[in-house]
Amino acid sequence: MDITLTELEDAINFWRTRKPSTSEACVLCKEAAALAGPYAAMIMHHLPALDEAAMPEAARSALSAWRQARQAVAQVKG
């Protein structure tokens, strides 16, 4: 399954909102950090989409949890 740059950005922003940095160093949470590498690669290589299977496991897990949260919100909104 491919993920677009916009979707990946949404996932990163979701995690940044859900688990904001609490230190002065402004360190990303582990989920956002896992997605930052593929996001940077997409930008640097001008890729419109990226195959999720090629992503590290931590990034795939963060995407899966993001999708589940989105589905839960959509079901509540109905």
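The values are calculated or read from the model by the stated rules, or taken from the named source; none is laboratory data. None of the values given here were measured: they were computed from a predicted structure. All Cβ positions, even for glycine, are placed from backbone atoms using ideal geometry, and neighbour counts span all protein chains on display. Note: accessible area is taken over every heavy atom of the protein model, side chains too, but ligands, DNA and RNA are not part of it. Shrake-Rupley method; radii C 1.70, N 1.55, O 1.52, S 1.80 Å.
Annotations for the structure displayed:
- Scan of the range 31-50 for residues that are open to solvent by 60 Å² or more (accessible area, probe 1.4 Å), at pLDDT 95 or above and not hydrophobic (A, V, I, L, M, F, W, C), ordered by number: His45, His46
- Within the span defined as the range 65-76, one or more residues are among the charged types (D, E, K, R), free of Cβ contacts under 8 Å to residues at least 60 places away in the same chain, assigned to a helix (DSSP H, G or I) and open to solvent by 40 Å² or more (accessible area, probe 1.4 Å).
- Applying the condition of being aliphatic (A, V, I, L, M) and modelled with pLDDT of 95 or more to the range 9-30 and asking which residue is least open to solvent (accessible area, probe 1.4 Å) yields Ala11.
- Residue check, Ala59 outside any loop (DSSP other than H, G, I, E, B) and in contact with a Ser or Thr (Cβ under 8 Å, 6 or more places away or on another chain): no
- Listed by first and then second residue, the pairs with beta-carbon distance under 8 Å, at least 6 apart or on different chains, first residue in the range 43-59 and without any contact (Cβ under 8 Å) to a residue 40 or more places away in the chain, second open to solvent by 40 Å² or more (accessible area, probe 1.4 Å), are Ile43/Leu5; Pro56/Gly37; Ala58/Lys30; Ala59/Gly37.
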